[in-house]
Amino acid sequence: MANYIIIGSGAAGIAAAGAIRQQDQRGSIRVFTNDPYGYYSRPGLAYLLAGEVPKNQLFPFKNNYFKDLGIQIIHQPVNSIALDRHQVATANGKHFLYDRLLLATGATAALPQVPGGDLDGVVKLDSMEDAEEILKKARKARSAVVIGGGITALELAEGLVASGVKVHYFLRGERYWSSVLDDVESRMVEDRLNHDGIQIHKFTNLIEIYGRRGRVVGVLAQQQDKKIEYQCQIVAFAIGIKPRIDLALQAGLNTQRGVIVDSGLHTSQPDVFAAGDIAQVYDRQSGEYVVDSLWNPAIEQGWYAGLNMAGGNYIYEKKYPFNVTRLGGLITTIIGRVGKDAFKGKSFQGDADVTGIMRGDSEIWRKQPEAVVAETYQEENRLRLYVSTNNIVGAVVMGDQTLSRPLQVLIREQINIGLIREKLLSPHASLADTISSFWENYRQNHVN
């Protein structure tokens, strides 16, 4: 009987456990986690903060789900891995042998080194525990400062506003999420935030968090050539995430920003696998190993890793990443390459508010596509496409999501759109109508 150990109870870890059990009905499966809540919908935390869903809806499985599958959930962090002995050691001093091991430890929010950063009232949004702490503090807070970018910064800002807290949002640069969105899209989001009462402060750098009796009472910041102060009871950070690679480093696995894996999700040790936010996966389009923090790719990677842990020889091929999210209340789909290179010559051109990537984010989005832009903008609807010789390689869809699903398929499967390329790039053509018509013809010709 094989012994399988999975470290991490997030999307990748639980998907792997399910795949293993599908292939091996007798093997021992142990999932180690330091999250007291185990498995839940991490993307759903934003809706919990906003008061749109109750906590129990974030738990998709019934109480006996894992027990019925013979999957043992162990609420103990793993402290070390002994590759030579095929053994892991937990924080309480116990040791467990494995035949196959999966690292699915995810990522943790980065926090800046700033005076006052350890005060009560400084928060992040990594977990259910974090969300509950924010909601608890928001009940007593009058105002808050949110610092950072990407999706998480807006989840924090909008969640705090929903709790009746006045929010100041500090941006170090000139606009929101500049490495992924263009000028028009950033302004659309900022207008929605302003409408919701969120006060945006651009070109603003946090200097210090003030405290009294160990609690946050205000902040000091530099806004261009002047210093500003604001009273607040909460300071929320969303400046990036770091894959949790400590165990991989301790074990001597091959790492860069994450844990390097091959097409079967094996690490540099054939019996050790990695999946999810921690995995740095080869991207054929760019020829680079990249990191994502996306729910669906984490599930896919976990599933493939689990199949291979159980003796399979399946190839995981990274597709163009996508996410459907909400930015300032606008439903937004981001697919493929839509951003700009972080460096241009010797000058940094990336997002001033985010170090690396955020949750719900991908390094691929920041890749500069070798393509021509086609775009349209009307009221609260926005469509931006990157069109190469015969394919669409990136898209941003804001507002009306009619084209979200068609573009996901056209980009992820790299469908040849050569017949409509010239029309897409015509200044007088309707992008939406052109894509819709092409999609309907494609579907009719590819019905089973």
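Rule-based calculations on the coordinates, nothing more; no lab input. Because the structure is a prediction, the values reported are computed rather than measured. Glycine gets a Cβ as well: all are built from the backbone with ideal geometry, and neighbour counts include every protein chain shown.
Computed from point charges on the beta carbon alone (+1 for Lys and Arg, -1 for Asp and Glu), the dipole magnitude for the stretch 111-238 about its Cα centre is near 660 Debye.
Using the rule -39500 (n - 2.57) for each DSSP H run of four or more residues, divided by the residues of the chain, the 222 nm mean residue ellipticity is -7000 deg cm²/dmol.
Shown in residue order for the stretch 274-284 are the 3J(HN,Hα) couplings computed by the Karplus curve 6.51 cos²θ - 1.76 cosθ + 1.60 at θ = phi - 60°: 9, 7, x, 4, 7, 7, 9, 10, 6, 10, 5 Hz (x for Gly and Pro). Each residue of the stretch 411-426 was assigned a 3J(HN,Hα) from its phi angle through the Karplus expression (A = 6.51, B = -1.76, C = 1.60, θ = phi - 60°), giving 7, 5, 9, 6, 6, 5, 10, x, 5, 10, 4, 4, 5, 4, 8, 6 Hz with x at Gly and Pro.
For the stretch 111-238, the antiparallel share of DSSP beta bridges with both residues in that region comes to about 45%.
Among the trypsin sites (Lys or Arg not before Pro) in the stretch 1-91, those placed in a DSSP loop whose Cβ has at most 12 other Cβ atoms within 10 Å are Arg26, Lys62. Annotation: the antiparallel percentage among DSSP beta bridges lying fully within the chain is about 65.
Its Cα gyration tensor gives the stretch 255-366 an equivalent ellipsoid, and the semi-axes of that ellipsoid, as √(5λ) in whole Å with the largest first, are 27, 17, 11. Between Asn445 and Glu380, residue separation times 0.36 nm minus the direct Cα-Cα distance comes to 20.1 nm. Put in line by how crowded their Cβ is, counting other Cβ atoms within 10 Å and starting with the fewest, Asp182, Asp196, Asp277 read Asp196, Asp182, Asp277.
If every alpha-carbon in the chain counts as one equal scatterer, what log10 I(q)/I(0) does Debye give at q = 0.06, 0.13 1/Å? Taking Cα atoms of the chain as identical point scatterers yields -0.28, -1.24. Both radii come from the Cα set of the stretch 111-238: Rg as radius of gyration, Rh as Kirkwood radius; their ratio Rg/Rh reads 0.94. Ranked by the mean number of other Cβ atoms within 10 Å of their residues, highest first, the peptides 162-175, 197-210, 353-366 fall in the order 353-366, 162-175, 197-210. Between the amide H of Asp182 and any residue lying 5 or more places away or on another chain, no distance stays under 5 Å, with hydrogens modeled in the peptide plane. From the Kirkwood radius over Cα pairs of the stretch 323-445, Stokes-Einstein at 4 °C and 1.567 mPa s returns a whole-number translational diffusion coefficient of 85 µm²/s.
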